[in-house]
Structure formats: structure tokens, C-alpha cells
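To start, the structure under review is shown below, and the notes come after it.
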Amino acid sequence: MKRLSRVEVDEFFTAQLAEWQAAADSFAALNQVKMKTVKVGDATFKAQFNPARIRSSAAKIDAASLKARKCFLCDENRPVEQRSLAFDENYKILVNPYPIFPKHLTVPSCLHTPQSIDGRIAHMMELAQALEDYEVFYNGPRCGASAPDHMHFQAGNKGFMPWLDDLKRANVEPVCSMPGAAMSIVDGLTRAAVIIKATSLAGGVAMFERMLECLPVPDGDVEPMMNILCSYCNGEWTVTVFPRKKHRPSCYGADGDDNILISPASVDMGGVLALPLEKDFVKIDENDIIAILDELCYSACEIGDMIKKLK
């Protein structure tokens with residue numbers, strides 16, 4: 001694995017914004033983005049009015065739409081200004097030109113292969129270790145990935161999403177442990193999650209793979225629906241898995257005042273709600289957030305029933 005230094009990544013990011021005006025303008029626009037904080041019990045959510053995210057929120061990911069467009073993560077289809085920084089022989093790091101974070105990276109596979117975490121959680125953990133100032137995230141093919149035809153991770157500034165801070169105050173129920181890793185279920189933060197704390201790569205991978213076998217795979221899908229966050233600090237990985245039961249909430253396609261254009265992905269699950277329409281930013285409140293997450297996510301009891309055989 002190629003270990004990237006903070007300086008190397010920062011220099012790459014700075015150089016890209018100097019060379020690529022469209023990306024520079026997008027990141028400069030973040031300074032004007034409206035933000036508001038919504039408390040939901042012990043959970044913190046930051047709503048972000050970000051018009052540029054319409055590309056992701058409204059992305060058509062059906063087979064016909066994917067076939068009709070060129071893949072924007074493949075080398076030959078990217079803007080000439082968008083350079084890459086090699087991570088290893090499997091991935092390259094790109095600056096995301098439609099940012100949510102002050103520093104927002106996309107890390108696509110070098111090969112055009114479908115979005116799937118199968119066999120790749122070690123890559124995600126290695127990436128989080130290499131990018132220690134970032135939180136790495138993965139969106140399942142029907143859980144917010146706007147390019148489900150091309151395997152990729154993303155990364156953004158650690159601490160920007162409220163999840164890790166909220167986690168310190170959450171109800172955490174231990175499930176099982178093994179050498180180098182322990183698994184728990186998190187409750188009380190509006191959406192339930194599985195947490196894997198790992199002090200070894202092998203332990204974290206083994207625990208994740210055991211958990212993955214317990215989650216349901218919807219008909220027609222290749223893996224359980226989920227979003228994943230991964231960070232590394234002081235020799236320990238924190239891997240958060242949000243099992244999902246639905247792609248988009250009913251408000252996404254609702255008419256009139258009931259409509260909220262939100263297609264939650266990992267960042268939303270992490271506590272930053274990216275809203276491309278100002279009407280939704282103004283409207284969204286505690287009740288909307290509860291309704292959306294209740295519709296998309298399993299409860300702690302449901303997750304416990306799925307993985308109880310691991311106890």
C-alpha cells in the first residue's frame with residue numbers, strides 16, 4: 001500500500017484548485033452555502049443548502065440511464081483538468097468537483113467495475129489509515145451512489161460530519177468481539193448503526209465480513225443496502241455501517257408541500273443533509289428528519305435480530 005502523507009494530499013488538492021477553475025469555483029461557493037443545525041434528541045444534523053448537489057440527489061441510476069451516459073469516473077471521460085493521485089495499483093484519488101466538504105475527494109477504482117464492498121473493506125480501512133485527516137465513506141449502489149457502475153469511495157474532512165461526536169453520547173450495546181476487533185449496535189441517535197472498532201486490519205476485515213453475512217440482500221441486488229463510514233485515529237479504526245431498507249424516502253417523489261428532494265447517502269447518515277433546493281433547506285425540521293430516517297433505516301432491534309447469531 002502506498003502511504004500518502006498529509007502534505008502530499010494537501011499539495012495535490014491545492015494544485016488541482018489552481019489548475020481547474022470549475023472545481024475552484026465550486027469549492028469557493030461552499031463559503032456561501034447556507035447551513036443550519038437541527039437537534040433530534042441526542043443527535044445533531046447540519047442541513048446544507050447546496051445547489052450543486054442536484055447532480056447527485058437527482059441522479060438516475062436505472063440500467064438504461066447508466067448505459068446512456070458516459071462514466072464520469074473513467075479516465076477517458078473526465079475533464080482534462082482533473083488529474084489524479086495514485087493510491088495504489090487499484091485506486092486513484094480525485095478532487096470531487098461537486099463538494100460538500102471543504103476538502104472532498106473521490107477515490108475510484110482504476111477499473112470500470114460495479115460498486116460493491118465485497119472484498120474491499122480492507123481497501124477502505126487502508127485508505128482511512130492513509131488519509132488520517134479524512135473520513136472515508138462508501139455508498140451502496142442503491143444507497144446514494146450516483147455512479148453505481150464504477151466502484152469508488154469518497155473522503156471528506158474528519159469532524160465535518162457530527163456522527164463521531166454524537167457517538168460519544170449514544171447507547172452502545174456490545175454484540176461480540178474477536179482478536180483485534182469488537183462489534184456493537186448503536187441506538188438513540190435517530191438512526192441505528194453497527195459499529196466495528198478494530199485495532200488490526202485483519203480483525204476489522206473478519207468482523208465486517210461476519211456482519212455482512214447476516215444482513216439481508218434485497219431481490220435483484222448483489223449486496224445488502226448500506227452506507228459505511230470509516231476513520232482511523234491513534235491505531236484504531238472506527239467502521240460505522242448503516243443498514244438500509246430503502247433507497248429514497250417517499251417525500252422524494254411526493255407532490256406539493258410534501259416534497260423534499262433528498263436522496264440520503266453516507267454523508268446524510270453521518271449528519272450532514274445535503275439539500276439542493278432552498279425550499280427544502282428552509283422547511284426541513286426535526287419531524288421531517290425522523291420520518292425520513294425511520295423510513296430508510298432499520299431499528300436497533302431489527303439489526304439486533306439480524307446479527308444475534310454472532311453473540
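The values are calculated or read from the model by the stated rules, or taken from the named source; none is laboratory data. Since the model is a prediction, treat every value here as computed from it, not as a measurement. We place every Cβ from the backbone using ideal geometry, glycine too, and count neighbours over all the protein chains shown. Only protein heavy atoms, including side chains, enter the accessible area calculation; ligands, DNA and RNA are left aside. Shrake-Rupley method; radii C 1.70, N 1.55, O 1.52, S 1.80 Å.
Residues with beta-carbon under 12 Å from that of LEU212, excluding LEU212: net charge, scoring Lys, Arg +1 and Asp, Glu -1?
In short, -2.
Would you tally the net charge around LEU229, using a Cβ to Cβ cut-off of less than 11 Å, leaving LEU229 out, and scoring K and R as +1, D and E as -1?
With Lys, Arg at +1 and Asp, Glu at -1, the net is 0.
To one decimal place, what orientation-averaged projected area in nm² is obtained for the convex hull of the Cα set of the stretch 17-149?
Projected over every direction and averaged, the Cα hull of the stretch 17-149 covers 9.7 nm².
Quick one: what are the phi-derived ³J(HN,Hα) couplings along the stretch 216-224, Karplus 6.51/-1.76/1.60 with θ = phi - 60°, whole Hz, x for glycine and proline?
So the J values, rounded to whole Hz, are x, 10, x, 4, x, 9, 9, 7, x.
For PRO264, what is the net charge nearby, where nearby means another residue's Cβ is under 11 Å from its Cβ and Lys, Arg count +1, Asp, Glu -1?
+2
Hey, what's the Cα Rg ratio for the stretch 133-229 versus the globular rule of thumb, 2.2 N^0.38 Å?
Rounded to two decimals, the normalised Rg is 1.14.
What is the Cα radius of gyration of the stretch 204-311 over 2.2 N^0.38 Å, N being its residue count?
Relative to the rule-of-thumb radius for its length, the stretch 204-311 sits at 1.23.
What is the extension gain from ASN90 to ASP257, computed as 0.36 nm multiplied by their sequence separation minus the C-alpha to C-alpha distance, in nm to one decimal?
Gain on extension, ASN90 to ASP257, equals 55.6 nm.
Give a residue-ordered list of calculated ³J(HN,Hα) values for the stretch 293-299 (Karplus: 6.51 cos²θ - 1.76 cosθ + 1.60, θ = phi - 60°; whole Hz; x for Gly, Pro).
Values per residue, Gly and Pro as x: 6, 4, 6, 8, 10, 7, 7 Hz.
Report the label-to-label distance for GLU295 and ALA63 in nanometres (one decimal), using points 7 Å from each Cα along the Cα→Cβ vector.
Taking the simple label geometry, GLU295 and ALA63 are separated by 2.7 nm.
How would you rank 289-300, 20-31, 146-157, highest first, on the average number of other Cβ atoms within 10 Å across their residues?
146-157, 289-300, 20-31
Largest first and to the nearest Å, give the Cα extent of the chain along each principal axis.
52, 51, 37
Using only alpha carbon pairs under 8 Å that are at least six residues apart, calculate the relative contact order of the chain and give it in whole percent.
20
Between rounded, prolate and oblate, where does the stretch 122-170 land on the alpha carbon gyration tensor, with a ≥ b ≥ c its root eigenvalues, rounded for a/c under 1.5, else prolate if a/b exceeds b/c?
Oblate is the answer for the stretch 122-170, as a/c is 1.5 or above yet b/c matches or exceeds a/b.
Using helices alone, I'd like the mean residue ellipticity at 222 nm for the chain: each DSSP H run of four-plus residues gives -39500 (n - 2.57), total over residue count, nearest 500.
It comes out at -7500 deg cm²/dmol, rounded to the nearest 500.
Just the accessible area per residue of the stretch 117-173, please: how many Å² with a 1.4 Å probe?
On a per-residue basis, 31 Å².
With charges set only on the Cβ (+1 for Lys and Arg, -1 for Asp and Glu), what does the dipole of the chain come to about its Cα centre, in debye to the nearest 20?
Around 100 debye, computed over the chain.
For the stretch 98-137, take N as its residue count and report Rg(C-alpha) divided by 2.2 N^0.38 Å.
Output field value: 1.26.
When we measure straight from the Cα of LYS158, which lysines land under 18 angstrom away, once same-chain ones fewer than 8 places off are left out?
Once the sequence-local lysines are set aside, what remains near LYS158 is LYS46, LYS103, LYS168, LYS197.
Any idea how far apart ASP285 and SER200 come out in nm if each label point goes 7 Å out from Cα toward Cβ?
Output for this residue pair reads 5.2 nm.
Taking all protein chains as present, what is the carbon and sulfur share of the accessible area of the stretch 69-127, in % to the nearest whole number, probe 1.4 Å?
About 53 percent, which is the carbon plus sulfur part of the accessible surface.
Which residues' amide hydrogens lie under 5 Å from the amide hydrogen of HIS104, considering only partners 5 or more residues apart or on another chain, with H built in the peptide plane?
Counting only residues 5 or more places away or on other chains, the set is ASN96.
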